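Just below is one structure, and these are the notes that go with it.
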Amino acid sequence: MTGRDATTAFAGALVDEWVRAGVTDAVIAPGSRSTPLALALARHGRLRVHVVLDERSAAFRALGLGLASGRPAVLLCTSGTAAANFHPAVIEASHARVPLLVCTADRPPELRDAGAGQTVDQSHLYGRAVRWFFDPGPPVDEPGAGAQWRALASRAWAESLGPPAGPVHLNLPFREPLLPTGEPLVDAPGRVSGRPWTVSTPAVRAPRDTDVRHLADLVRANPRGVVVAGWGAAVTPPTVQRFAAAAGWPVLADPLSQLRSGAQTISTYEALLRVPGFGAAHRPDLVVRIGAPLTSKVATSWLGPSVDQVLVDPDGSWLDPQHAAAERFAVDAEPLLAAVALALGDSSLEPGPWPADWLAAEHSARAAIDMTLDRAPGLGEGLVAREVAAALPDGATLVVASSVPVRALEWCMTPRTGLRVLANRGANGIDGFVSTVIGVAQATTPAPTVGLCGDLCFLHDINGLLGATGGASLVVLDNDGGGIFSYLPPADLPEFEPLFATPHSLDLVEVARAHGAIAERIDDLGRLTDALQPANLASSDAVRVLVVPLDRDASVARHRELWNAVARATGG
C-alpha cells in the first residue's frame, strides 16, 4: 500500500481537538467499523475511556457524564442497529439540554443501499433531536484536510454546548483498512500551545434594563405572587431567596430545581394544593417560573392559564405544557432576578400576610407529613425518599428516577442544602437509569452518588451493571411491578395486574449479583440510613444495590393518609 494514512490522521485530529476543548471522557460500544476512532480515543492518553457492551446503556452512561459535568462525553459505536440503540439517550439529551458528542461509524457510500451487512441509512438518523448533524465522508488525503478535520471537531464541541446544550451527531464513514497502515499520516497539526482550533464564546443572555424594570413593575403590582422553580432553573438559592424576600412571595421549589432550601421556600406545596380550600384561597395573581414546570400534576393544574405566568428560560424554549405563559424572558435567571431584587428595594421588613400565611401552612404541613411518615408501620416510598435525601452527606448527588420515585421525593423531601438532585426529566422515561447513575458517579467521584428508582426501572437497564465501576449506589423500591399505576385510573380495571402492574416476581438481589453488583435486601430504616453513611458509600468501587421491599397497596394507603393529615393540619 502506498500513500499517506488519512483515516488514522482524521481520527487522531478529532480526538486531540476534543481533548484540547475540554472533553475528559469517552464511552465506546465495541464494534469493528468504529476501529479508527476507538483506537484514537484509547491511545490519546488524556481521556477516561469507558467500554460498555450494550449500546443503549453506553449512550445513557455518556448522558450521565454530561448531565453531571456539563461537558459532552464522546459516544462511539459501529454502524447499523448499534447506532439506532443510541436513540433513546439522544432524545433525552435533547430535551434535557445535556451536551453529547454522538459518533456513529458507517460504511462508505459505495456500500450503502447495496445489501452490505450491518449497513443502514444513518443520515439524520436522530432527526430533529440533535443540535447539529454532519457527515464528512470518508477521510481522504487532500490539501487543507487537517484544518477541515480540526475545525469540524471544534464546531461539534461548540454546537453541543449550545445554547441550548444538547447532542451533536457526527456520522463517520470509514473505508478499509480500519487499522493504521503504518504509512506516514496526513498532516493535521493543531494550534500551538495546545489551544483549540476554534474557541467559541457563549452568547450573552443578560437582561436588558427594560426587562428588569418591566418585571419589577409586574411584581410590585402583584403582591400575591409566587416563584415556581423546576428542573433547569439555573439560578443560585441566595439569588432566588433575595428576589422572593424583596417581592414578598413564597418559592415553590421542586427538588430537581436545586432550590429546595431557604426561608421563603415551600416544600409541601403538593400536599397543600390537594386541600381544596387552601388551593382556592392561595391562587396567585402572578407567577414567575424559572426552569421546567413542577413535577406535580396537581400544582401544574392549579397554575393554569387563568393565572398570569412569566417564564424565564435563557434558551428561549417553550417549557409550557399548560399553554399558560403570558410572558417569556429569554435571559439568564441569575442576573435577572438579582437585578429585580435590587430594584424592588429593602427586603428586611417583616413579611406581609401573604408569605406569612404560606410559611405557616408549610410549617403545619411539614409537621403533619413527617409525623405520618414516622408513625406508619414498615417502609413506604415517601419515607424512603425523605430519608435517602436527608441521609446523604453534603456534596453528594442524588439521581432520582421517573415514575413514583421523583414524585415521592417531591411529596416528602425536607428542605436542605448541600445535595444536588438530578434526573432524566427531559423525556421523563425510565429507560437507561442505571447507566445514567453510573455516568454521574464517574463524573463526580470521589463525591458519592446514589440513585433512587423503582424495580421496573432498575430491570429496564439491568445491562448497565455489566462491568460497571465508579462507586455508585442504587436504592431500588421493589413493589413487584409498576407502582405508579396504582395511583392512576387503570388501578380499577380487571386487567390491571398483567397490563399495568406487570409484576416481575424476581429476586432483585440475585439479579443484581448476577450482573456483577454488590447487593443486599434492606427492610429496616436504620439499616438503610446506615448504608448511606459516607464510610459505607465509599467502601467499594463496585456498584452497590440496596433493594427495599414495599407493598403497593400499603404505599397507596400511606399516601392518602399523608394528604388527609395535611388537610387536618391546615383546617381543610
Tell me which residues come under 5 Å, amide H to amide H, from residue 328 once H is placed; ignore anything under 5 positions away on its chain.
311
With θ taken as phi - 60° and the coefficients 6.51, -1.76 and 1.60, list the Karplus ³J(HN,Hα) couplings across segment 528-536 in order, rounded to whole Hz; mark glycine and proline as x.
5, 5, 5, 5, 9, 6, x, 4, 6
Under the helix-only model (-39500 (n - 2.57) for each DSSP H run of 4 or more, divided by the residues of the chain), the mean residue ellipticity at 222 nm, to 500 deg cm²/dmol, is -11500 deg cm²/dmol
Amide H to amide H, which residues 5 or more places from residue 132 or on other chains are under 5 Å from it, using H placed in the peptide plane?
169
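Kindly state, to the nearest 0.05, the FRET efficiency for residue 359 paired with residue 320, given R0 = 25 Å and r defined as their beta-carbon distance.
Values: r = 28 Å, r/R0 = 1.12.
Efficiency at R0 = 25 Å is approximately 0.35.
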Within 10 Å, count the other beta carbons around each residue, average over each peptide in 75-82, 444-451, and list them highest first.
75-82, 444-451
So how tilted is helix 209-221 from the main axis of the chain? Cα-based, degrees 0 to 90, rounded to 10.
20 degrees
Can you tell me which of 203-210, 333-340, 564-571 comes out highest on packing, and rank the rest after it, using the mean Cβ neighbours within 10 Å?
333-340, 564-571, 203-210
Using only the Cα atoms of segment 376-569, what do you get for the radius of gyration and for Dmax, in Å?
16.0, 51
In order over segment 292-297: 3J(HN,Hα) from phi, Karplus 6.51/-1.76/1.60, θ = phi - 60°, whole Hz, x for each Gly or Pro, gives 6, x, 4, 4, 5, 5
The alpha-carbon pair-distance distribution computed for segment 209-352, with 10 angstrom bins and whole-percent values, is 12, 47, 36, 5, 0
In Hz, Karplus ³J(HN,Hα) per residue of segment 415-430 (6.51, -1.76, 1.60; θ = phi - 60°; x = Gly, Pro):
x, 6, 10, x, 10, 9, 10, 10, 6, 8, 9, x, 10, 6, x, 9
Segment 492-546 to segment 89-144: how many Å between their Cα centroids?
37 Å
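For the chain, what is the per residue volume of the convex hull drawn over the alpha-carbon atoms, in cubic angstrom?
Details: hull volume 96.6 nm³, N = 572.
Considering the Cα atoms of the chain, their hull volume per residue is 169 Å³.
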Taking Cα atoms only, helix 333-344 is inclined relative to the longest principal axis of the chain by an angle, in degrees rounded to 10, of 40 degrees
Whose amide H sits under 5 Å from the amide H of residue 266, counting only residues 5 or more places off or on another chain, with H placed in the peptide plane?
251, 252, 253
Round to the nearest 10 and give me the degree value, 0 to 90, for the angle of helix 353-375's Cα axis relative to the longest principal axis of the chain.
80 degrees
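Using per-residue counts of other Cβ atoms within 10 Å, averaged over each peptide, order 128-135, 488-495 from highest down.
Details: 128-135: 17.2, 488-495: 10.0.
Most protected by this proxy first, the peptides run 128-135, 488-495.
Any read-out appearing in this document is the output of simple, stated calculations on the displayed coordinates, not a laboratory observation. If you're wondering where the values come from, they're calculated on a predicted model, not measured in any experiment. All Cβ positions, glycine included, derive from the backbone under ideal geometry; neighbour counts span all protein chains shown.
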